[in-house]
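Visitor: One structure, pasted below without further comment.
The values are calculated or read from the model by the stated rules, or taken from the named source; none is laboratory data. What you see is a predicted model, and the numbers here were worked out from it, not measured in a lab. Virtual Cβ from ideal backbone geometry, glycine too; neighbours counted across all protein chains shown. All accessible areas refer to the heavy atoms of the entire protein, side chains included, with ligands and DNA or RNA removed. Shrake-Rupley method; radii C 1.70, N 1.55, O 1.52, S 1.80 Å.
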Amino acid sequence: MKKAIHFGAGNIGRGFIGELLVRSGYEVTFVDVNAELVDLINERRAYDIKIVGDKPEIIHVEHVRAINSAAHPEELTQAICEADIITTAIGPNILKFIAPNLAAGLAERVKVNQQPLNVIACENMVGGSTVLKGFVEENLPEEAKEAVAKYIGFPDAAVDRIVPLQKNDDPLLVQVEPYAEWDANVTQAKGEPPQIEGLTWVENLEAYIERKLFTVNTGHASIAYLAYRKGIKDIYSAMQDKNIVDMARKVWQETGDLLVRKFGFDPKKHEEYVKTTENRFRNPHLSDEVTRVARGPKRKLGAKDRLVSPATQLLAQGQKPSALATVIGAAFHFDYDGDKEAQEVQGAIQEKGLHKAILNYTQIPEESELFRMVENKTAGF
């Protein structure tokens, strides 16, 4: 069998990327520092995935094993030397911590195996593989850098699958939604791009990253901030509120207009993509807490993130992003005690005033029409 290494044996690793790799004929070696999880995978060499929704299904996944990278780094190095693909799903903030072991393995690999290898970071971030590449390069010995640059590719990727918070009696069982999307940048691949079921190689990854960010993430955040203002606790309940759904649809109309103009997406196909997204949020088995979806408003209000970026781009196209301005205003009222970023934003509003807080967190120029729209919407809530 072909051999894959996947960093991260958690729910997303097992319930998304690992399963697609196994389905595509790979033996998957999960790499993790959770000793109990690693031992259980090695004991069973299999696990189950539960697809939740209208048509529930159990998928049995075999041909898996695991390595504890903290206890057995030499075993990981050997696996890297033999791998046909490497993937990650560990969280953006953890990439720098796997880089030393990954760099050591790649430095050894290029001595004994000159077959091209691709490392794909499947994280909820833009340019994850490129970020990981930078961390790896920092940890490479000088004599290995040229060969690694020649044989090892780091294609950026966009991934999308809802894996809800869960606690199962079986520690290896993972519950996931039926929908899954995985796109990767073919122009950054080395050698022949590996063909994996569920992975689409694309030349313009930016289009797919923004489509997901401005549809799934923008929609999710919009619903959460509006629901929080009404005291609604979870996303499924929010999707039963007509006013919230109507506003989310207006947001999707605005971001859809932007995406179709900017990237040339087929309008009817994009409309179907939006309908699919809305239906995903209606799945009662995947309902998430509003406060968890809304968390991190400081980041989500950033100039390049899911709310301000599409609004700014629409304004540049001569459009008025009224719905987006409304949800940006709602985000400035997210004052959940359990979120440090929310408390920071609220503190800034109290200390410096709403005007300066909007300017600081969104970076929208105060002479901009969008700034006035956001300030008026925020004050109006």
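Visitor: Output the 0 to 90 degree angle, nearest 10, between the alpha-carbon long axis of helix 340-352 and the longest principal axis computed from the alpha carbons of the chain.
Guide: Long axis of 340-352 versus the principal axis of the chain: about 30 degrees.
Visitor: Out of all DSSP beta bridges with both ends in the stretch 2-203, state the antiparallel percent to the nearest 5.
Guide: Working: 10 of 37 bridges.
Of all bridge pairs located within the stretch 2-203, approximately 25 percent are antiparallel.
Visitor: Provide the convex hull volume over Cα atoms per residue for the stretch 278-381, in Å³. It would help to have the intermediate numbers written out before the result.
Guide: Numbers: hull volume 11.1 nm³, N = 104.
Cα-based convex hull of the stretch 278-381, divided per residue, equals 107 Å³.
Visitor: Got a sec? Charge dipole of the chain, +1 on Cβ for Lys and Arg, -1 for Asp and Glu; which of F332, T378, L199 is way out at the positive end?
Guide: Positive-most Cα among the choices belongs to T378.
Visitor: When the helix-only estimate is applied to the chain (DSSP H runs of n ≥ 4, each -39,500 (n - 2.57), divided by the residue count), what is the mean residue ellipticity at 222 nm, nearest 500 deg cm²/dmol? Can you show the working numbers first?
Guide: Values: 18 runs with 186 residues, N = 381.
Using -39500 (n - 2.57) per qualifying helix, the result is -14500 deg cm²/dmol.
Visitor: How are the Cα pair distances of the stretch 1-59 distributed, in percent, across 10 Å bins from 0?
Guide: Reading upward from the zero bin: 22, 53, 22, 3.
Visitor: A further question on this structure: Can you tell me, using C-alpha contacts under 8 Å and at least 6 residues apart, the relative contact order of the stretch 262-381 as a whole percent? Walk me through the intermediate numbers first.
Guide: Numbers: 105 pairs, mean separation 31.4, N = 120.
Relative contact order of the stretch 262-381: 26 percent.
Visitor: If you average the sequence gap of Cα pairs under 8 Å that are 6 or more apart and divide by the length of the stretch 151-286, what percent do you get for the contact order? Don't jump to the answer; show the numbers that get you there.
Guide: Numbers: 136 pairs, mean separation 30.1, N = 136.
Relative contact order comes out at 22 percent.
Visitor: Evaluate Rg over Rh across the stretch 144-264, taking Cα atoms for both radii and Kirkwood's formula for Rh.
Guide: Looking at the stretch 144-264, the ratio lands at 1.09.
Visitor: Can I ask one more? What's the magnitude of the charge dipole for the stretch 246-381 around its Cα centre, counting Lys and Arg as +1 and Asp and Glu as -1 at the beta-carbon? Answer in Debye, nearest 20. Walk me through the numbers before you get to the answer.
Guide: Details: 22 positive and 20 negative charges, 75 e Å.
So the magnitude is around 360 debye.
Visitor: For the charge dipole of the chain, defined by +1 on Lys and Arg C-beta atoms and -1 on Asp and Glu C-beta atoms about the Cα centroid, which residue among T87, G8, T291 has the Cα displaced farthest towards the positive pole?
Guide: T291
Visitor: Also: Considering only DSSP beta bridges where both residues belong to the chain, give the percentage that are antiparallel (nearest 5). Each step should come with its number before you reach the end.
Guide: On the way: 11 of 38 bridges.
Bridges in the chain that DSSP calls antiparallel: roughly 30 percent.
Visitor: A further question follows. Lys and Arg at +1, Asp and Glu at -1: add these up for the other residues within a Cβ distance under 13 Å of I5 and post the number. Present the calculation step by step, with values, prior to reporting the outcome.
Guide: Values: positive: K2, K3, R65, R109; negative: E27, D32, E75, E82, D84.
Residues close to I5 contribute a combined charge of -1.
Visitor: Given a cut-off of under 8 Å on Cα pairs at least six residues apart, what relative contact order in percent is computed for the chain? Intermediate values should be presented prior to the final figure.
Guide: Working: 659 pairs, mean separation 46.3, N = 381.
Once normalised by length, the contact order is 12 percent.
Visitor: Right, here's the next one. Roughly how much of T130 is accessible, in Å² to the nearest 10, using a 1.4 Å probe?
Guide: T130 exposes around 70 Å² with every protein chain in place.
Visitor: Let me ask something else about it. Can you give the accessible area of M1 in Å² (nearest 10), computed on protein heavy atoms with a 1.4 Å probe?
Guide: Rounded to the nearest 10, that gives 130 Å².
Visitor: Could you sort out which of K212/K275; K300/K377; K111/K145; K190/K304 sit more than 22 Å apart by Cα distance in this structure? Could the numbers behind the result be given before it?
Guide: Numbers: K212/K275 13 Å; K300/K377 17 Å; K111/K145 12 Å; K190/K304 29 Å.
Going by Cα-Cα distance, K190/K304 fall outside the 22 Å limit.
Visitor: Name the residue farthest towards the positive end of the dipole of the chain from the options F135, Y361, L102, assuming +1 on Cβ of Lys and Arg, -1 on Cβ of Asp and Glu, about the Cα centre.
Guide: It is Y361.
Visitor: Determine Rg/Rh for the stretch 2-203; Rg is computed over alpha-carbon atoms and Rh is the Kirkwood hydrodynamic estimate from the same atoms.
Guide: Using only Cα positions, Rg/Rh for the stretch 2-203 is 0.95.
Visitor: Could you please report the charge total around W182, scoring K, R as +1 and D, E as -1 over all other residues with beta-carbon less than 9 angstrom from its beta-carbon? Spell out each step's value before the answer.
Guide: Details: positive: R161; negative: D160, E181, D183.
Net charge around W182: -2.
Visitor: For the stretch 2-203, give the magnitude of the charge dipole about the Cα centre (Cβ charges: +1 Lys/Arg, -1 Asp/Glu; no others), in debye to the nearest 20. Present the calculation step by step, with values, prior to reporting the outcome.
Guide: Working: 18 positive and 31 negative charges, 33 e Å.
I would put it at about 160 debye.
Visitor: Moving on. Considering every pair of different Cα atoms, what Kirkwood radius, in Å, is found for the stretch 34-121?
Guide: Working: mean 1/r = 0.0666 Å⁻¹.
This gives a value of 15.0 Å.
Visitor: Which residues' amide hydrogens lie under 5 Å from the amide hydrogen of Q175, considering only partners 5 or more residues apart or on another chain, with H built in the peptide plane?
Guide: Under 5 Å from the amide H of Q175: K50.
Visitor: Could you work out the Kirkwood radius for the chain, taking every pair of different alpha carbons, averaging 1/r and inverting it, reported in Å? Could the numbers behind the result be given before it?
Guide: Values: mean 1/r = 0.0452 Å⁻¹.
By the Kirkwood definition, the hydrodynamic radius is 22.1 Å.
Visitor: Oh, and also: Considering only DSSP beta bridges with both partners in the stretch 110-211, what is the antiparallel share in %, to the nearest 5?
Guide: On the way: 4 of 10 bridges.
Percentage antiparallel, nearest 5: 40.
Visitor: Suppose every Lys and Arg Cβ carries +1 and every Asp and Glu Cβ carries -1, with no other charges. What dipole size does the stretch 1-121 come out with about its Cα centre, to the nearest 20 debye? Could the numbers behind the result be given before it?
Guide: Working: 12 positive and 15 negative charges, 59 e Å.
Taking the Cα centre of the stretch 1-121 as origin, the dipole is about 280 debye.
Visitor: Turning to a different aspect of this structure: Under 5 Å between amide H atoms, partner at least 5 residues away or on a different chain: which partners does G153 have, H built in plane at 1.01 Å?
Guide: The answer is L117, N118, V119, K190.
Visitor: Which of rounded, prolate, oblate describes the stretch 206-380, given a ≥ b ≥ c as roots of the alpha-carbon gyration tensor eigenvalues and a/c under 1.5 marking rounded, otherwise prolate only if a/b is larger than b/c?
Guide: Numbers: a/c = 1.93, a/b = 1.14, b/c = 1.69.
It is oblate, given that a/c is not under 1.5 and a/b is not larger than b/c.
Visitor: Once you list every other residue whose beta carbon is under 12 Å from the beta carbon of R292, what net charge do they have if Lys and Arg are +1 and Asp and Glu are -1? If you can, show how the numbers build up before the last one.
Guide: Details: positive: K233, R295; negative: D234, D288, E289, D339.
Value of the local net charge: -2.
Visitor: Project the alpha carbons of the stretch 103-150 onto their principal axes and report the range along each, largest first, in whole Å.
Guide: The Cα atoms of the stretch 103-150 stretch 33, 21, 15 Å along their principal axes.
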